[in-house]
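Peer 1: Quick one: structure below, then a few questions.
The values are calculated or read from the model by the stated rules, or taken from the named source; none is laboratory data. Note that this is a predicted model, so its numbers are computed, not measured. Every residue, glycine among them, receives a Cβ derived from its backbone with ideal geometry; neighbour counts consider all protein chains shown.
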Amino acid sequence: MIVVTAKMTVKPGLKDEFVSGCQELIEATRKEEGCMSYKLYSDTDIQNELVMLEFWEDIESLNIHMETEHFKKFGDILDKFLVADIDVISYSAEQLQK
């Protein structure tokens, strides 16, 4: 399993518009093969900081996701909303057996 965190800091006053603009990406991504979870979270301490938390079955699924039209469309709007580059961390994780 591949876990990705993408921390984003949105320009003041644009958070609601940004979150609304993420909905198409989120909905389309959740339908992709290999996507286990794809959620956007808001930091409770830093008003304009958001984190996309992603879980993928494997690296191949993640690589395919980054080539989709909805992912590229999302990338095209980032300059309007973000104060800095996205801070992305990805790592491989083993699922614990219950």
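Peer 1: Taking into account only those residues within segment 34-59 that are touching a residue at least 40 places away in the same chain (Cβ under 8 Å) and β-branched (Val, Ile, Thr), which is surrounded by the fewest Cβ atoms within 10 Å (Cβ to Cβ)? If you could, list the steps in order and put the result at the bottom.
Peer 2: Going through segment 34-59, the residues touching a residue at least 40 places away in the same chain (Cβ under 8 Å) turn out to be 49-59.
Pick out the ones that are also β-branched (Val, Ile, Thr) and you get 51, 59.
Working: Val51: 16, Ile59: 13.
Ranking the qualifying residues of segment 34-59, first place goes to Ile59.
Peer 1: Here is a further query. Go through segment 51-98 and report how many residues are farther than 20 Å from Met8 by Cβ, in contact with a helix residue (DSSP H, G or I) (Cβ under 9 Å, 6 or more places away or on another chain) and of a type in the set (Ser, Thr, Tyr).
Peer 2: Here is the first cut: in segment 51-98, the residues farther than 20 Å from Met8 by Cβ are 57-61, 63-64, 67, 69, 92-98.
Within this subset, residues satisfying the condition of being in contact with a helix residue (DSSP H, G or I) (Cβ under 9 Å, 6 or more places away or on another chain) are 69, 92.
Imposing the further condition that a residue be of a type in the set (Ser, Thr, Tyr) reduces the set to 92.
Residues meeting the conditions: 1.
Peer 1: Now a separate question. Quick check: is even one residue across segment 60-70 surrounded by fewer than 16 Cβ atoms within 10 Å (Cβ to Cβ) and either modelled with pLDDT under 95 or among the basic types (Lys, Arg) (or both)?
Peer 2: Checked segment 60-70: no residue is surrounded by fewer than 16 Cβ atoms within 10 Å (Cβ to Cβ) and either modelled with pLDDT under 95 or among the basic types (Lys, Arg) (or both).
Peer 1: Take the residues in segment 26-52 that are closer than 19 Å to Ala84 by Cβ and of a type in the set (A, V, I, L, M, F, W, C), then tell me which one is nearest to the chain's Cα centre (by Cα). Even if it seems obvious, please write down each step before you answer.
Peer 2: From segment 26-52, those closer than 19 Å to Ala84 by Cβ are 40-43, 45-52; that's our starting set.
The next check asks that each one be of a type in the set (A, V, I, L, M, F, W, C); those that pass are 40, 46, 50-52.
Numbers: Leu40: 6, Ile46: 18, Leu50: 9, Val51: 7, Met52: 4 Å.
For segment 26-52, the residue satisfying everything is Met52.
Peer 1: Go over the candidates Lys31, Lys7 one by one and state the one that is out of contact with any Leu (no Cβ under 7 Å at 6 or more places or on another chain) and either surrounded by 12 or more Cβ atoms within 10 Å (Cβ to Cβ) or not charged (D, E, K, R) (or both). Break it down stepwise before answering.
Peer 2: Values: Lys31 fails: either surrounded by 12 or more Cβ atoms within 10 Å (Cβ to Cβ) or not charged (D, E, K, R) (or both).
Selected residue: Lys7, the only one of Lys31, Lys7 that is out of contact with any Leu (no Cβ under 7 Å at 6 or more places or on another chain) and either surrounded by 12 or more Cβ atoms within 10 Å (Cβ to Cβ) or not charged (D, E, K, R) (or both).
Peer 1: Only one of (1) among the polar types (S, T, N, Q); (2) modelled with pLDDT of 95 or more; (3) part of a loop (DSSP other than H, G, I, E, B) fails for Gln47. Which number is that?
Peer 2: (2)
Peer 1: Taking the residues in segment 53-98 that are within 20 Å of Asp43 (Cβ to Cβ) and assigned to a helix (DSSP H, G or I) as candidates, determine which candidate is farthest from the chain's Cα centre (by Cα).
Peer 2: Phe81
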